[in-house]
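**Student:** Pasting a structure below so you can have a look.
The values are calculated or read from the model by the stated rules, or taken from the named source; none is laboratory data. Source: prediction; values computed, not measured. As a convention, Cβ positions derive from the backbone with ideal geometry for all residues, glycine included, and neighbour counts pool all protein chains shown. Side chains are part of the model used for accessible areas, which takes the heavy atoms of the whole protein and leaves out ligands, DNA and RNA. Shrake-Rupley method; radii C 1.70, N 1.55, O 1.52, S 1.80 Å.
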Amino acid sequence: MPEPDLTAALALTGPDATLKLYREWAASYDSGFARDMEYNLPAHVARAFLAAGGTGPVLDVGAGTGLVAQRLRDLGCEGPIDGLDFSAEMLAVAATKAVYRTLTLADVTRPLPLERVYMGITSSGTFTAGHVGPEAFDPMLAVALPGALFALSINRRVWQAKGFDKALPDLVEAGRVTGLRLIEVDVYGNAAARLDPEHAEDRALIALFRAA
Ligand SMILES: C[S@@+](CC[C@H](N)C(=O)[O-])C[C@H]1O[C@@H](n2cnc3c(N)ncnc32)[C@H](O)[C@@H]1O
């Protein structure tokens, strides 16, 4: 069986395939993919969130192995950070790092088993090809307090293809979110060019906005 990798991740066709891939990828995700590709997206999301004045309690959506919470802590974020993901194996790795207050196993495209208590929502790498689309906005907004700051990475490959380019302005127009700003970043560092030329140049937009 081939090792799980980025090409397989970006070609996922549904929740069952996604769960299977992350079950197999969890153990090597940090020491293989993230280290070797110089996966900088979690750091970009954490930095953008804090630079825009983000505070806890934070919900990190698609928390995976916990890279966003690690970066938030490295950068001095002191408030509670909760993690949410639908892969038990990815959350098991995150749990070993002791950076999250709670970890919730849930699908972000459905109503979440959480209270409306969050002043910050972060997400890195989850709004991308083969993963989650704008259908997650309603469940996330339902747990965000008024004024909560969102910092969500959205891969350029799906910005138009999955309709984020319309969904976000629609939320602004409907008065559900305010202050929408987009920051474009590189997903990977220079090492990626040698390892995976097809994805090395990937860019993501970090969508920053507040719940109304
Ligand atoms: C590329 S990983 C990113 C993990 C981490 N945020 C990072 O940047 O390293 C994508 C994560 O999204 C999770 N995920 C995918 N679809 C999901 C869904 N519908 N609900 C919750 N989590 C989901 C996967 O299980 C995986 O852990």
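**Student:** For segment 93-108, state whether one or more residues are within 8 Å of the ligand (Cβ to nearest atom), in contact (Cβ under 8 Å) with a residue 12 or more places away in the chain, within 22 Å of THR178 (Cα to Cα) and outside any strand (DSSP E or B).
**Tutor:** There is at least one residue in segment 93-108 that is within 8 Å of the ligand (Cβ to nearest atom), in contact (Cβ under 8 Å) with a residue 12 or more places away in the chain, within 22 Å of THR178 (Cα to Cα) and outside any strand (DSSP E or B).
**Student:** Within segment 114-130, work out how many residues are within 12 Å of the ligand (Cβ to nearest atom) and touching a strand residue (DSSP E or B) at 6+ places or on another chain (Cβ under 8 Å).
**Tutor:** Final tally of qualifying residues: 8.
**Student:** Let me ask another. Of all residues in segment 5-23, how many are closer than 20 Å to ASP196 by Cβ and surrounded by 15 or more Cβ atoms within 10 Å (Cβ to Cβ)?
**Tutor:** Count: 9.
**Student:** Another question, then. What residue, among those in segment 37-79 that are in a loop (DSSP other than H, G, I, E, B) and within 29 Å of GLU198 (Cβ to Cβ), is farthest from the ligand (Cβ to nearest atom)?
**Tutor:** Checked segment 37-79; the qualifying residue farthest from the ligand (Cβ to nearest atom) is GLU38.
**Student:** I would also like to ask the following. Quickly run through segment 19-64 and pick out the residues that are among the basic types (Lys, Arg) and under 15 Å from the mean Cα position of the chain (by Cα).
**Tutor:** ARG47 - this is the single residue of segment 19-64 that is among the basic types (Lys, Arg) and under 15 Å from the mean Cα position of the chain (by Cα).
**Student:** State all residues of segment 179-212 that are in contact with a Gly (Cβ under 9 Å, 6 or more places away or on another chain) and open to solvent by 20 Å² or more (accessible area, probe 1.4 Å); if no residue qualifies, say none.
**Tutor:** Selection gives ARG210, ALA212.
Okay, residues lined up against (1) under 22 Å from ALA52 (Cβ atoms); (2) modelled with pLDDT of 95 or more:
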residue: GLY120; (1), (2): yes, yes
residue: SER124; (1), (2): yes, yes
residue: ARG157; (1), (2): no, no
residue: ALA161; (1), (2): no, yes
residue: THR178; (1), (2): yes, yes
